[in-house]
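Heads up, the thing below is written out as structure tokens.
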Amino acid sequence: MSSSDAPSRSRRSQQLPVEVLARVLSLLRDAESFIRCMAVSREWHQAAKHVDCLFFDGYQYRDRLSGQDAEAMITKTIMSTTRLRSLSVMHDDPDKWLSDSTVIAWIIHTRATLRELLISNSREGNNKIHRHHPTLFRALYEQLRNSMVEKLGLDYVIIPPSIPPALLPNLHSLRLYDVRIASATLTAFIAGCSALELLRLIDLRDCESVDLHCPSLKEFVVEETAAVGSIRLDCPRLKRLLLRDVGGIASLTVEDGSKLKKVEIFTEDCKPTIDIRHAASIQHAHLLYKGDSWTHLAEFVGGMGCLRELGVCIQDDDNPPPVDLEDFALLCPGLRTLGIGPELWERLAQGDFRRGRSRWHDLSQLSIDTLRVDCVVSLLSAVLERCPSLETLNLGPRAPEDSWEDAVSSFTTSLITIAQKYPAVKVEVDFDHSYTIVPF
């Protein structure tokens, strides 16, 4: 390729529509590269004004730029735009916080067009524990009140209790990650978000309980949060509820679950009291929790008359009681997808799986993650006889390392017998030594 091709390519790039050039600029992950592209030509400089999305990842440039230089370049980049709708800044500097005045300048400049904002200012101390920005939220709060921002994400900040009630009438989505906030402050803050539909709380600090009244909320997610002991939701439009790795939770109350469609509760280390009122509309439930009796599960699932998808994995205490397959079939007869974890499978194997003839008439997909292979044929045949519409069977045999070869040999023999008896069912097998928590 001759050297004369380079100027030709440059001229061709300058002939591209300004929207295309702006799209290229929006894909850059650091301000330094953005500024260099702006200096290529007048067309590229003009394209910067049309950029509507910027995402700056501090990990991309922290080794060659100081925090102060990176902050200056980010500011120069933002100020070169005129129609920015989405701004994400992940600033990683162990020595210096983002300046409040700098962030305020960003918000003022983009206030007329900005709809999505993510600010993450990470600082690690000597013990690798993230510190929390003490003043950034207050500075942001004054600028965002009554703004047009629809999606907001804040990481590593402190939300003080002394702030006045929030007024974010256009906010639809809020994510708080590793944020220090008191329970009462969270309640008051959410009350000011009259259009909020999605709330994600991840690794909250100082928040011992969550008590929310939010008529507009449709999706509520709590993850990796050990401090929260209780959750109470008065959200009549709630459609999806996800609790994952919330090891300290003792109670969950949903005042009105009449619109709730999907529930995912993964609480491996605790045994919460779950009270979802008017839960008949729930169609999808994935459950991993520590339960001491079949009654615990039956009480929770029994009121879900519309349940179509169920995944169950229970962390049992010692010597759990057996479960009869007939009781399980009667509990949720309308299932279309079912996943059974190893502990529940063990309890079904110990129970009377030949009693009764209740069927899952609509069940088309069945996943079983089991530790035992010696009872596969007898128990699985009893299950399959209750599933006349089954299309796919996914099996995940598990066994200790020292007996893995014997387990595979035994399981293969059982699998051949099953395939011969049910030729219309597609059988998928996942041979994996690891322990899978969620069967889906």
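Every read-out reported here was derived from the displayed coordinates using simple, explicitly stated rules and does not represent laboratory data. Just so it is clear, the model here is predicted, and its values are computed rather than measured. Virtual Cβ from ideal backbone geometry, glycine too; neighbours counted across all protein chains shown.
Karplus couplings for the stretch 170-177 from phi (6.51 cos²θ - 1.76 cosθ + 1.60, θ = phi - 60°), rounded to Hz, Gly and Pro as x?
Using θ = phi - 60°, the values come out as 9, 6, 9, 9, 9, 10, 10, 10 Hz.
Can you tell me the length gained on complete extension of the stretch Asp362 to Val429, counting 0.36 nm per residue apart and subtracting the Cα distance? Please report the intermediate quantities before stating the final value.
On the way: separation 67, 0.36 × 67 = 24.12 nm, distance 2.23 nm.
Between Asp362 and Val429, full extension yields an extra 21.9 nm.
Once both labels are modelled 7 Å past Cα along the beta-carbon direction, what's the Thr82-Thr417 spacing in nm?
7.7
Classify the stretch 74-224: rounded, prolate or oblate, from the alpha-carbon gyration tensor (a ≥ b ≥ c, eigenvalue square roots; a/c under 1.5 rounded; otherwise prolate if a/b is larger than b/c)?
On the way: a/c = 1.80, a/b = 1.10, b/c = 1.63.
Oblate, since a/c reaches 1.5 and b/c is not below a/b.
Each residue of the stretch 143-155 in turn: what ³J(HN,Hα) in whole Hz from Karplus with 6.51, -1.76, 1.60 and θ = phi - 60°, glycine and Pro shown as x?
8, 8, 4, 6, 8, 9, 5, 9, 9, 9, x, 10, 10
In which sequence would Ser162, Ser173, Ser378, Ser41 go, from the one with the fewest C-beta neighbours within 10 Å to the one with the most?
Details: Ser162 6, Ser173 18, Ser378 12, Ser41 15.
Ascending number of Cβ neighbours within 10 Å: Ser162, Ser378, Ser41, Ser173.
Which FRET efficiency value, to the nearest 0.05, is calculated for Ser216 and Ala39 with the Förster distance at 60 angstrom and r the Cβ-Cβ distance? Walk me through the numbers before you get to the answer.
On the way: r = 46 Å, r/R0 = 0.76.
Efficiency for this residue pair is about 0.85.
Take Leu252, Leu338 and order them by how many other Cβ atoms sit within 10 Å, fewest up front. Show your work: numbers first, answer last.
On the way: Leu252 22, Leu338 25.
The fewest-first ordering by Cβ neighbours comes to Leu252, Leu338.
Gain in length, Leu330 to Ala280, computed as 0.36 nm per residue apart minus the alpha-carbon separation, to one decimal in nm?
On the way: separation 50, 0.36 × 50 = 18.00 nm, distance 1.56 nm.
Length gained between Leu330 and Ala280: 16.4 nm.
Pulled fully out, how much extra length does the chain show between Gln143 and Gln350, if you take 0.36 nm times their separation in residues and subtract their Cα-Cα distance?
Details: separation 207, 0.36 × 207 = 74.52 nm, distance 6.20 nm.
This chain segment gains 68.3 nm when fully extended.
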